[in-house]
Amino acid sequence: MAEQGNQKKGNGQEQDLNQLLKVRREKLAELQANGKDPFQITKYDVTVHSTDVKEQYAEYEGKEVSIAGRMMSKRVMGKASFCNVQDLKGNIQCYVCRDDLGEDTYKDFKKMDIGDIVGIKGFVFTTKMGEISIHAHSVTLLSKSLQILPEKFHGLTNTDIRYRQRYVDLIMNEDVKDTFIKRSKILAAIRKYLAGEGFMEVETPMLVSNAGGAAARPFETHFNALDEDLKLRISLELYLKRLIVGGMERVYEIGRVFRNEGLDTRHNPEFTLMELYQAYTDYHGMMDLTENLYRFVAQEVLGTTKIVYNGIEMDLGQPFARMTMVEAVKKYSGVDFDEINTLAEAKAAAKEHNIEVEARHKKGDILNLFFEEFVEEHLVQPTFIMDHPVEISPLTKKKPENPEYTERFEFFMNGWEMANAYSELNDPIDQRERFKAQEELLAQGDEEANHTDEDFLNALEIGMPPTGGIGFGIDRMCMLLTDSAAIRDVLLFPTMKSLDAGKKEEKKAASLDAAMNQAAEVLTQQLEAMPAAKAEPVDFSKVKIEPLFEDLVDFDTFAKSDFRVVKIEECEAVPKSKKLLKFILNDGTDRKRTILSGIHDYYEPEELVGKTCVAITNLPARKMMGIPSEGMLISAVYEYDGREGLNLLMLDDAIPAGAKLY
């Protein structure tokens, strides 16, 4: 990094950063010694912002103004100088002359650094070069910058630093500041629209004993005062419905929710959700509200209902498309679930289309897997997908004419789910049965299934009117309306791994090693005192293998299969799948290969990292749970004592990645 502006002319050598920091602290000490400590100033009267002066020049020309902001550049030219001051709305040039300030004040100005916070009073004029500026007669140092800003030409481009030091990012990148100003306007526009529709904003608890209302794994904590385990909420739903029971007919909340899940371009473990509930309407009413809300917000914030995201135009001014999930799956996969009547038929269709199905999946689950695999990516223009299967909609009213499906829709844009809405279930008996089904899934190991909420059931038994409800992902909405590539770009302070996490792990590992060494010594002593144990032999009479294939394969066909040695660099469980593991592999090339394999019943991810295995690398990629799998890992499969056995084929670690097998 380099400092601009206040270094002597002709000094082209890069100065040592520590020396520059030392010089700044020395300048501060000098100011304090002379009774000019900037940190003792408590206020400064600002009359106008930079952009106001430029946009309303005719009104301000020749008039006295007072601005404040960060000095971003400075050119000292003898008795006169120019500096550029950046404030909330933009920046403006200031002309500073020794004759106007006085000799002592001008000397103080020349010692100021890029990044200092200054207040400037003067009159508005236009320079000979035609630039609107402020002719200063007073310059006040309001805060001394003791750090060095990134060099202006290259700016702050390191993504990790941008997210960790958002304050520097906001200073150096004007478009970043604009994004968050727009985010604030988006939230204000949402509130304005809903207030006009008679909705009341409320606040509900974040710490809960039962985190329900969504399929997600919660964060857990402990409340010391009550000695009680609590969870951070994963949705806003169940408390807002209690308010509908209490007679508050139109309520909404905009707030943070927390889900103990992964990080990617569209997911952050804490994010902003808006949920609203309206009595005496259904999911069709929620569709109308969604269309009108999105149009209003876009027009209010952007001045148009046509938005462009990643070069693709989306028109919010046109009526939003509406399709049932069955219609959408039929359109994009060719499979008509209206013609599939049994679970066996659904599983057969899934197998035919390479959809990974688990034992717990029912017909509705499989329909949803088809939707995720074949449909979502096509839903670029605003689209409502209606009538979801009951298996994936535990809090939704069934369709009276077809109880296998529910009165639910998801709103999609750019292939993303933007909102989720229901005709809310208000039958307490039906709701109890839905909770019971969720408890069964929980018992089977589904960490995202809901617990039964007895207080919520009690509220339903008191009586809840017919109600429409919807949840909006505010962060994704902001991404679309600001053309931001990742959710972290619309979160001021996104979740990041701690910089000292490595040190903590090292310390933890050292403590663990010491404990393990001590335990090993004790165990060794115990083993030495015991009689030698004999390894239990494998009873191969209990092993059953598949019959060998009778059909012969010609050599040329076999030779086309590319078997390669691969090194497992990363391995993790696939969310919402009991069987699938996701492998990131080194196959000897410059790129990393992703392969999914259904072997989670036999291995935990952490025990496979670093292993050397075999994969077929020239199979066509196929999606599994929406993730492209680029090949197949080779395993040995057999039956032992009536149970399926599996061993992932592992090789000597000395064999290099990419080695071809013959």
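The values are calculated or read from the model by the stated rules, or taken from the named source; none is laboratory data. Quick caveat, the model's predicted, so the values are computed rather than measured. Heads up, the Cβs are rebuilt from the backbone with ideal geometry, glycines too, and the neighbour counts pull from every protein chain shown. What goes into the accessible areas is simple: the full protein's heavy atoms, side chains included, and nothing from ligands, DNA or RNA. Shrake-Rupley method; radii C 1.70, N 1.55, O 1.52, S 1.80 Å.
Here are some notes:
- Looking only at the range 40-55, and only at residues there that are exposed (fewer than 15 other Cβ atoms within 10 Å of the Cβ) and of a type in the set (Asp, Glu), the one that is farthest from the chain's Cα centre (by Cα): ASP45
- Looking only at residues in the range 259-292 that are among the acidic types (Asp, Glu) and over 19 Å from PHE493 (Cα atoms), the one that is surrounded by the most Cβ atoms within 10 Å (Cβ to Cβ) is GLU275.
- Checking each residue in the range 565-577 for being open to solvent by 70 Å² or more (accessible area, probe 1.4 Å) and either part of a loop (DSSP other than H, G, I, E, B) or out of contact with any helix residue (DSSP H, G or I) (no Cβ under 9 Å at 6 or more places or on another chain) (or both) picks out GLU569, PRO575, LYS576.
- Boolean, ARG432 is modelled with pLDDT under 90 and of a type in the set (D, E, K, R): no
- The set of residues in the range 56-80 being in contact with a helix residue (DSSP H, G or I) (Cβ under 8 Å, 6 or more places away or on another chain), outside any strand (DSSP E or B) and either open to solvent by less than 50 Å² (accessible area, probe 1.4 Å) or in contact (Cβ under 8 Å) with a residue 60 or more places away in the chain (or both) consists of TYR60 alone.
- Some residue of the range 200-221 being of a type outside the set (A, V, I, L, M), out of contact with any His (no Cβ under 6 Å at 6 or more places or on another chain), in a helix (DSSP H, G or I) and crowded, with 18+ Cβ neighbours inside 10 Å: no
- Residues satisfying the stated conditions in the range 164-199, i.e. polar (S, T, N, Q) and surrounded by 15 or more Cβ atoms within 10 Å (Cβ to Cβ): GLN165, ASN173, THR179
- Per the listing ASN414, ASN426, ASN402, ASN420, the residue uniquely open to solvent by 20 Å² or more (accessible area, probe 1.4 Å), modelled with pLDDT of 90 or more and in contact with a Gly (Cβ under 6 Å, 6 or more places away or on another chain) is ASN420.
- Residue list for the range 596-649, filter: of a type in the set (Lys, Arg) and over 21 Å from VAL565 (Cβ atoms): ARG622, LYS623, ARG643
- The condition of being basic (Lys, Arg), closer than 26 Å to ALA188 by Cα, part of a strand (DSSP E or B) and open to solvent by 30 Å² or more (accessible area, probe 1.4 Å) holds for only one of ARG295, ARG256, ARG322, that being ARG256.
- Residue count for the range 319-354, restricted to those that are in contact with a strand residue (DSSP E or B) (Cβ under 8 Å, 6 or more places away or on another chain) and either of a type in the set (D, E, K, R) or free of Cβ contacts under 8 Å to residues at least 24 places away in the same chain (or both): 2
- ASP104 vs. criteria closer than 20 Å to LEU141 by Cβ, part of a helix (DSSP H, G or I), out of contact with any helix residue (DSSP H, G or I) (no Cβ under 8 Å at 6 or more places or on another chain) and charged (D, E, K, R): yes
- Of the strands (runs of 3 or more DSSP E) lying entirely inside the range 399-448, those containing at least 3 residues that are aliphatic (A, V, I, L, M) span 416-423.
- ILE161 surrounded by 15 or more Cβ atoms within 10 Å (Cβ to Cβ) and modelled with pLDDT under 95: no
- The range 542-575, subset of a type in the set (A, V, I, L, M, F, W, C) and under 30 Å from ASN260 (Cβ atoms), residue modelled with the highest pLDDT: ILE568
- Filter pass, ILE114 being assigned to a loop (DSSP other than H, G, I, E, B), in contact (Cβ under 8 Å) with a residue 12 or more places away in the chain and among the hydrophobic types (A, V, I, L, M, F, W, C): yes
Yes or no, residue by residue, for (1) hydrophobic (A, V, I, L, M, F, W, C); (2) at negative phi:
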residue	(1), (2)
LYS544	no, yes
VAL553	yes, yes
LYS560	no, yes
LYS576	no, no
LEU581	yes, yes
ARG591	no, yes
CYS613	yes, yes
ALA621	yes, yes
MET625	yes, no
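- Only one of the numbered conditions (1) part of a loop (DSSP other than H, G, I, E, B); (2) modelled with pLDDT of 95 or more is violated by CYS83, and that is (1).
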